[in-house]
Amino acid sequence: MIVIAGLGNPGLQYAATRHNVGFMAVDRLARDKGVAFNKSEHHGKTGFYFDGGEKVLLVKPQTYMNESGRCVREIVDYYKVDLSDLIVIYDDVDLAPGGLRIRKKGGPGTHNGMRSIVDELGSGDFPRIRIGIGSQPPGWDLADYVLSQLGGDDRRVIDDTVALAAEAAALMVEQGIDLAMNRMNKTGREE
């Protein structure tokens, strides 16, 4: 089994925020694969599809971003998923809007959701897809920025990148992470 977890915050007030691009990417993949998030389990909403006989579980943690690790760890433990078969999709303020970075493993950086996951799993040895949202404007608090609504040019650029992230996750399942990294990594627009 492969698990693809998109990070975000539950609730309509967060639906179109920068911090929810992980949810958006998993929603896009679900739409492309005809998946419904019809089950609530382990503090998350889940749905699945099969790819060449491999079950792929899509997960949207419902614990709020800073506690995402609780849901992810419970899913990994319950389904006995190897960390190399876990893919996490999330926002990254260190990448320009439109940037997409796929990595085989790594640390959490400044992202609280990833910090929670790495802390809960005791390891950062799992693939991830980072979606660039750009850094906050001068004078903005980071939390206010990531929780602000997407609009204008940023919305269009990030929507396109969300679609690429969903495509990248599907490609990782179908043909492996190395091919996905070679084809899909991009820097995004200049700030």
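Derivation of every value follows stated rules applied to the coordinates shown; laboratory data play no part. Quick caveat: nothing in here was measured; it's all calculated off a predicted structure. In this analysis, Cβ positions are derived from the backbone assuming ideal geometry, glycine residues included, and neighbour counts consider all displayed protein chains.
Near R101, once Lys and Arg are set to +1 and Asp and Glu to -1 for all other residues with Cβ below 10 Å from its Cβ, the sum equals +2. Counting only DSSP beta bridges whose two residues both lie in the chain, roughly 55 percent are antiparallel.
Listed by chain and number, the aspartates and glutamates placed with their C-alpha closer than 20 angstrom to that of K55 are D27, D32, E41, E74, D77, D82, D85, E167, E174; residues fewer than eight positions away on the same chain are left out. DSSP beta bridges fully contained in the range 1-74 are about 75 percent antiparallel. For V88, the shell of other residues with beta-carbons less than 13 Å away shows a net charge of +4, using +1 for Lys and Arg and -1 for Asp and Glu. Remark on L58: its backbone amide H falls under 5 Å from those of I4, G47, F48, Y49, a criterion applied only to residues 5 or more positions apart or on other chains, H modelled at 1.01 Å from N. Taking R0 as 35 Å, what's the FRET efficiency between L179 and T110 from their Cβ-Cβ distance, rounded to 0.05? Efficiency for this residue pair is about 0.75.
Contact order, relative form, for the range 2-184: 26 percent (alpha carbon pairs under 8 Å, 6 or more residues apart, mean separation divided by residue count). Counting Lys and Arg as +1 and Asp and Glu as -1 over every other residue whose Cβ lies under 15 Å from the Cβ of D77, the net charge comes to -3. Mind running the shape call on the range 2-184? Use the C-alpha gyration tensor, a ≥ b ≥ c as the square roots of the eigenvalues: rounded below 1.5 for a/c, prolate if a/b tops b/c, oblate otherwise. Since a/c stays below 1.5, the shape of the range 2-184 is classed as rounded. Rounded to the nearest 20 debye, the dipole size of the chain about its Cα centre is 240 debye, using +1 on the Cβ of Lys and Arg and -1 on the Cβ of Asp and Glu. Helical content alone sets the calculated 222 nm signal of the chain at -11500 deg cm²/dmol, taking -39,500 (n - 2.57) per DSSP H segment of four or more residues and averaging over every residue.
Among 23-32, 169-178, 145-154, sorting by the average number of other beta carbon atoms lying within 10 angstrom of each residue, highest first, gives 23-32, 169-178, 145-154.
Once you sort the root eigenvalues of the Cα gyration tensor of the range 23-82 as a ≥ b ≥ c, which label holds: rounded (a/c under 1.5), prolate (a/b larger than b/c) or oblate (the other case)? Before the final figure, lay out the partial values.
On the way: a/c = 2.13, a/b = 1.29, b/c = 1.66.
Since a/c reaches 1.5 but b/c is at least a/b, the shape of the range 23-82 is classed as oblate.
Using the Cβ-Cβ distance between Y79 and D153 with R0 = 35 Å, the FRET efficiency computed as 1/(1 + (r/R0)^6) comes to roughly 0.30. When peptides 68-76, 7-15 are sorted by average Cβ neighbour count within 10 Å, with the highest value leading, the order is 68-76, 7-15.
Here is the tail figure for the range 74-164: Cα pairs spaced more than 16 Å apart come to 57 percent of all pairs.
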